[in-house]
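Engineer: This is the structure, below, for whatever I ask next.
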Amino acid sequence: MLDTTTQAPDAVPETVMELRGLEREFARKPVLAERLMKLVGKAPDTPSLKAVRSVDFAIREGEVLGLVGESGCGKSTLGRMITGIIPPTGGAVTYQGADISAMKGQALKDFTLGVQMIFQDPYASLNPRQRVGEILAEPLRVHGLATDKADIRRRVDAALTEVGLDTSYRDRYPHQFSGGQRQRIGIARALIVEPSFLVCDEPIAALDVSIQAQVINLFLALRAKRNLTYLFISHDLSVVRHIADRVAIMYLGKIVEMAPAQEIFANPAHPYTRTLLEQIPSVKNRKRHFEAVKGEIPSPHKPPSGCAFHPRCPMATARCRAEAPVTREIAPGRTVSCHLHDAN
Amino acid sequence: MTDPRTRKPVLEVEGLQTVFHDLEGAWPAINALDLTIYEGEVLGLVGESGSGKSVAGFSILGLIDTPGEITAGRVLFQGKDLREMDEESLRKLRGADLSMIFQDPLTTLNPVLTIGEQMGEAITEHGQADAEALRRRCIDTLTKVGITSPEERLSQYPHELSGGMRQRVVIAIALLNSPKVIIADEPTTALDVTIQSQIIAEMQRLQHDSGAALIWISHDLGVVAELADRIAVMYAGDIVEIGTTDEVLDRPRHPYTRGLLDSVPGDVPPGEPLRQIEGSAPPLNARPFGCPFHPRCAQATDLCRSSDPAPQGDGAGRIWRCHHPITAQEAA
Ligand SMILES: Nc1ncnc2c1ncn2[C@@H]1O[C@H](COP(=O)(O)OP(=O)(O)OP(=O)(O)O)[C@@H](O)[C@H]1O
Ligand SMILES: Nc1ncnc2c1ncn2[C@@H]1O[C@H](COP(=O)(O)OP(=O)(O)O)[C@@H](O)[C@H]1O
Ligand code: SF4
Ligand code: SF4
Ligand SMILES: [Mg+2]
Ligand SMILES: [Mg+2]
């Protein structure tokens, strides 16, 4: 255990991004019967769904925060809110101390450029009719960061080199690249505006194993070189274990556990985290006979009563079905939301 | 489990070649595939995307359409060459003795038919059954693959089910007629790890109970390790290495296998660079001369650049294709 009192004050990293009571609700698309009723003037209220429910956490400068959870649990929605792509319906995101929804002028520009997103599907996020050089030059032009042709060319070439692509590729179109190369182009496009914060939404999920390793190495190298902060969204825990300093586990819109990476992997506190850790496929598990977690993640339209995980939880009790657990700090920097930890 | 190679073969693939035609020529997607599947075994077929895993699966079942063409080889099932069979007998065999599970359940399921209708169709195509017996068999099979409230599901449409549930239905359909060989093409790749492990656990049980041989295609060595008795590694349309799961994972002989094993996180400490294989797999029309892996191989020599290595073996079913295979000492 480190004695924090002996550390210099500047060793404590600053908070760059803070989420307070962050929520996002989506109106559910009405089903056919409901649309018909609307036509005859009897509009039933179409229930909405909460994709993200009351999320609080802070991201510190220079850290890699891993965000993990099953499909549909709200990871991308959270990522899109903190990059300002969609507004929250409750709570707030602050970037360097200011609420992003109230930003104007230079502060807004700093945020828009400073926080960039990298998407899962590198192909869908690149305009097929633009050459790579144009794709990379566009953010520079749009934000007025460079107007001079030679300057743009120089910065495009620097970005390509930085992500490990040959500068001659600037004249090619996205379809002429492999998946891994396209993801590098996506990363170059994000980097060209010199951001300090990257939201990476499943950036390697669509790539082959050998290419995944190359792109992970690129993320690690860029982080070291540019002192970047990452929110790294992934469903692959072995990748998160490799790259993240801290990990947040999400279930049905809520963060159920958050801890330094080493601790969460060595000693998961939430039953859901434990379950996820047991499922990691590994070449070390041969012909394993394991108990898979039962059931599927419930629909956010009808979240279960009490603790949302109770229908799948091997430890659930009557209290779990009735009462939602609150988030507690069980050790410095470790929070968990589960009745099993109420006693501490 | 005993070494599957001591059992009887159920399916023997010899020199199978499939090419895709385009304006510039015919490009082999699988070159000269040799593969024996033994009774009741699970064979994991791994490789990067585009290495020819799916084409291999489709070609075994004769499911190749233009611009593709099977140009050489034999597929022996119970002593008969499937490539010599007429389309009608082949169609009867597929879905009965030989069945395939595809990566995307929506390509298998018909969106306008209920689950019950599709299952019924799959059974009646392969023999008569009265309505009530048919219904029971559908319900039993759905229960086997872990589907809750199977009676209700029979009257539901595919879009009313989650992705995991749809994949289970596809597996149920593949199992309906007690096949002897199942080819499963990345059936869990699109699913969450939690659902993936449920399906792997169920496949393990079903396969064990039914004694069917299973070819499990995946790009994920971790997934294959959990299921397979043997592993075959594909690269650029060739099986570059094959052996028991322990042999391949603990003592890889091909540098590509070694590279794949090294590139997954786990062995190097967190935050350190992973050992990566440089470059990427070649497209069909740009297969490198000599060993197709040579541009990415750290061990490549002039020999590798000029001649494609022939398969070599230990005589006991362990095969590799490399001029400079990794020795046991190096692998340790
Ligand atoms: N624009 C939208 N309108 C309605 N519902 C939405 C919208 N976007 C997301 N949702 C719903 O919000 C929930 C969370 O979605 P989100 O995309 O954030 O999940 P995720 O964790 O990123 O999943 P995945 O791992 O599949 O990417 C889901 O139930 C989803 O269907
Ligand atoms: N219908 C097709 N037309 C042309 N090329 C094809 C077709 N199907 C597959 N291929 C090519 O054959 C090669 C092997 O493909 P595939 O077996 O699908 O790879 P894998 O399943 O290993 O990802 C790839 O280069 C692919 O582009
Ligand atoms: S609160 Fe109860 S149901 Fe929820 S995770 Fe904890 S033990 Fe399980
Ligand atoms: S034959 Fe040569 S290039 Fe090919 S894998 Fe072996 S050592 Fe590498
Ligand atoms: Mg998402
Ligand atoms: Mg495939």
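Engineer: Which FRET efficiency value, to the nearest 0.05, do you get for B:K8 and B:L90 by plugging their Cβ-Cβ distance into 1/(1 + (r/R0)^6) with R0 = 22 Å?
Structural biologist: Using R0 = 22 Å, I get an efficiency of 0.45.
Engineer: To the nearest 0.05, how large is the calculated FRET efficiency for A:A92 and B:D104 if R₀ is 56 Å and r is the Cβ-Cβ distance?
Structural biologist: 0.90
Engineer: Considering the Cα positions of segment B:112-176, please state its Rg to one decimal place and its Dmax as a whole number of Å.
Structural biologist: 10.7, 31
Engineer: Can I ask one more? What angle do you read, to the nearest 10 degrees and between 0 and 90, between the alpha-carbon axis of helix A:149-162 and the longest principal axis of chain A?
Structural biologist: Taking Cα atoms only, the helix is inclined about 50 degrees.
Engineer: Let me ask something else. For the protein assembly as shown, what is the percent of antiparallel DSSP beta bridges, rounded to the nearest 5?
Structural biologist: Details: 57 of 93 bridges.
Percentage antiparallel, nearest 5: 60.
Engineer: If you look for lysine pairs in chain A that are eight or more places apart or on different chains, how many of them have Cα atoms under 21 Å apart?
Structural biologist: Value for chain A: 13.
Engineer: So what J values fall out for segment B:77-89 if you push phi through Karplus, 6.51 cos²θ - 1.76 cosθ + 1.60 with θ = phi - 60°, rounded to Hz, Gly and Pro as x?
Structural biologist: For segment B:77-89, the Karplus-derived couplings read 10, 6, x, 9, 7, 4, 6, 8, 6, 6, 4, 5, 5 Hz, x marking Gly and Pro.
Engineer: Per residue of segment B:134-145, what does 6.51 cos²θ - 1.76 cosθ + 1.60 with θ = phi - 60° give for ³J(HN,Hα)? Whole Hz please, x for Gly and Pro, Karplus curve as stated.
Structural biologist: My calculation for segment B:134-145 gives 4, 4, 4, 5, 4, 4, 4, 5, 5, 4, 4, 8 Hz in order.
Engineer: Quick one: 3J(HN,Hα) in Hz for segment B:316-323, Karplus 6.51/-1.76/1.60 with θ = phi - 60°, rounded, Gly and Pro as x.
Structural biologist: 10, x, 8, 10, 9, 10, 6, 6
Engineer: If you line up the long axis of helix B:193-210 against the longest principal axis of chain B, both from Cα atoms, how many degrees apart are they, to the nearest 10?
Structural biologist: Rounded to the nearest ten degrees, it is 80.
Engineer: OK, next. Where the centroid of each part is defined by its Cα atoms, how far is segment B:3-17 from segment B:152-193 in Å?
Structural biologist: 26 Å
Engineer: Could you give P(r) for segment B:19-140, binned at 10 Å from zero, as whole percent values over all Cα-Cα pairs?
Structural biologist: 10, 33, 34, 18, 4, 0
Engineer: Run the dipole for chain B about the Cα centre, Lys and Arg Cβ at +1, Asp and Glu Cβ at -1, nothing else charged, and hand back the magnitude in debye, nearest 20.
Structural biologist: Charge dipole, chain B, about its Cα centre: 360 debye, nearest 20.
Engineer: If each DSSP helix of 4+ residues adds -39,500 (n - 2.57) and the sum is divided by the residues in chain A, what number results at 222 nm, nearest 500 deg cm²/dmol?
Structural biologist: Rounded to the nearest 500, the figure is -9000 deg cm²/dmol.
Engineer: Which FRET efficiency value, to the nearest 0.05, is calculated for A:R129 and B:A26 with the Förster distance at 25 angstrom and r the Cβ-Cβ distance?
Structural biologist: Efficiency, from the Cβ-Cβ distance: 0.20.
Engineer: Also, I was wondering about something else. Quick one: Debye curve from the alpha-carbon atoms of chain B only, equal weights, vacuum; give me log10 I(q)/I(0) at q = 0.09, 0.11, 0.13 Å⁻¹ to two decimals.
Structural biologist: The calculated log intensity ratios at q = 0.09, 0.11, 0.13 Å⁻¹ are -0.50, -0.74, -1.02.
Engineer: For chain A, what are the per-bin percents of Cα-Cα distances with bins 10 Å wide, up to the bin holding the maximum?
Structural biologist: Result, from short to long distances: 5, 22, 30, 25, 14, 5, 0, 0 percent.
Engineer: For segment B:123-258, what is the convex hull (Cα atoms) projected area averaged across all directions, in square nanometres?
Structural biologist: 9.7 nm²
Engineer: Please identify the GluC sites (Glu not before Pro) of segment B:1-42 that satisfy two criteria: DSSP loop assignment and at most 12 other Cβ atoms within 10 Å. Which are they? Spell out each step's value before the answer.
Structural biologist: On the way: sites: B:E12, B:E14, B:E24, B:E39, B:E41; in loops: B:E24, B:E39, B:E41.
When the GluC sites (Glu not before Pro) of segment B:1-42 are filtered for loop state and at most 12 Cβ neighbours within 10 Å, B:E24 remain.
Engineer: Provide the percentage of antiparallel DSSP beta bridges, counting only those with both residues in chain B; round to the nearest 5.
Structural biologist: Once the DSSP bridges in chain B are tallied, antiparallel ones form about 60 percent.
Engineer: May I ask you to derive the relative contact order of chain B, considering only C-alpha pairs under 8 Å and at least 6 residues apart, and to give it as an integer percent?
Structural biologist: 21 percent
Engineer: For every helix of n ≥ 4 consecutive DSSP H residues, a contribution of -39,500 (n - 2.57) applies; sum these over chain B, divide by its total residues, and give [θ] at 222 nm rounded to the nearest 500 deg cm²/dmol.
Structural biologist: -9000 deg cm²/dmol
Engineer: Dividing the Cα convex hull volume of the protein assembly as shown by residue count, how many Å³ per residue is that? Mind showing how you got there, number by number?
Structural biologist: Working: hull volume 142.2 nm³, N = 676.
Spread over its residues, the Cα hull of the protein assembly as shown gives 210 Å³ apiece.
Engineer: Now a separate question. May I ask you to list the residues of segment A:125-142 whose amide nitrogen lies under 16 Å from a point 7 Å from Cα along the Cα→beta-carbon direction of A:D148?
Structural biologist: The answer is A:141, whose backbone nitrogens lie closer than 16 Å to the label point.
Engineer: Which percent of Cα-Cα pairs in segment A:64-158 sits in each 10 Å bin, short to long?
Structural biologist: Per 10 Å bin, starting at 0, the Cα pair percentages come out as 13, 35, 34, 17, 2.
Engineer: What is the Cα centroid distance between segment A:188-238 and segment A:65-131, reported in whole angstrom?
Structural biologist: 15 Å
Each reported figure results from applying straightforward, stated rules to the coordinates on display, with no laboratory input. Everything numeric in this text was worked out from a predicted model, so none of it was measured. Cβ coordinates were reconstructed from backbone atoms using ideal geometry, including for glycine residues, and neighbour counts include every protein chain displayed.
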